[in-house]
Amino acid sequence: MADVSSADVERANFIFGIYDFDGVGKVDAFYLGDCLRALGLNPTLALIEKLGGTKKKGEKTLKVDEFLPIYSQAKKDKDNGVYEDFIECLKLYDKQENGLMMGAELSHILLSLGERLTDKETEEVLKDCLDPEDDDGMIPYVPFLARFCDKPIPANIKPE
């Protein structure tokens, strides 16, 4: 695991310990995605399943010595989007090229494209991250993405 530093191993052990709810040195594979996300990764559901994650609790457990190679492999995976990719995608919906898109289109995207969110998840994300729509139903998408991805809002974008 040459690509995982000793600091990464320490962080991975710490996160593993958090998800070891019973304190027995094992984590339910159902929580593999949560563990990886807590370590700053953005694995797809397909990758989590490929790496041994399960869709139901109690099917499989992982020991820390099994988790560390999974973490290493997930770190190597380049098949997940990053903040800049998401901005480029939403620019496709920016018809006026002014940093705005229809709020209804954003909701539709979250509900129907890629790894879809549920109605409840979409409602929560929009409530937490979205600026109010203007009179035409338009929203600034860069501040939304910045909040969603936990990035600073770019200085040249002034939220209202």
Which one of 124, 133 is charged (D, E, K, R), part of a loop (DSSP other than H, G, I, E, B) and surrounded by fewer than 18 Cβ atoms within 10 Å (Cβ to Cβ)?
133
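Residues that are under 14 Å from residue 68 (Cβ atoms): find the helices (runs of 4 or more DSSP H) completely inside the range 1-57 holding 1 or more of those.
Details: elements: 6-19, 32-38, 45-50.
It comes to 6-19, 32-38.
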Residues of the range 75-118 being more than 13 Å from residue 144 (Cα to Cα), in contact with a helix residue (DSSP H, G or I) (Cβ under 7 Å, 6 or more places away or on another chain) and part of a helix (DSSP H, G or I), which ones?
111
Kindly indicate whether any position in the range 56-74 is touching a helix residue (DSSP H, G or I) at 6+ places or on another chain (Cβ under 6 Å), of a type in the set (D, E, K, R) and not assigned by TED's automatic domain parsing to the domain that holds residue 143.
yes
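From the set of residues in the range 106-115 that are without any contact (Cβ under 8 Å) to a residue 60 or more places away in the chain and surrounded by fewer than 17 Cβ atoms within 10 Å (Cβ to Cβ), which is nearest to the chain's Cα centre (by Cα)? Step through it out loud before you land on a result.
Filtering the range 106-115 down to residues without any contact (Cβ under 8 Å) to a residue 60 or more places away in the chain leaves 106-114.
This time we only want the ones that are surrounded by fewer than 17 Cβ atoms within 10 Å (Cβ to Cβ), so: 108, 111-114.
Details: 108: 18, 111: 15, 112: 16, 113: 15, 114: 12 Å.
Once the filter is applied, the top-ranked residue is 114.
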Kindly provide the set of residues from the range 43-64 that are surrounded by 14 or more Cβ atoms within 10 Å (Cβ to Cβ) and either touching a residue at least 40 places away in the same chain (Cβ under 8 Å) or of a type in the set (Asp, Glu) (or both), ordered by number.
44, 49, 64
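The values are calculated or read from the model by the stated rules, or taken from the named source; none is laboratory data. Fair warning: this is a prediction, and the values are worked out from it, not measured in the lab. Because the Cβ atoms are built from the backbone with ideal geometry, glycine has one as well, and the counts that use them run over all protein chains shown.
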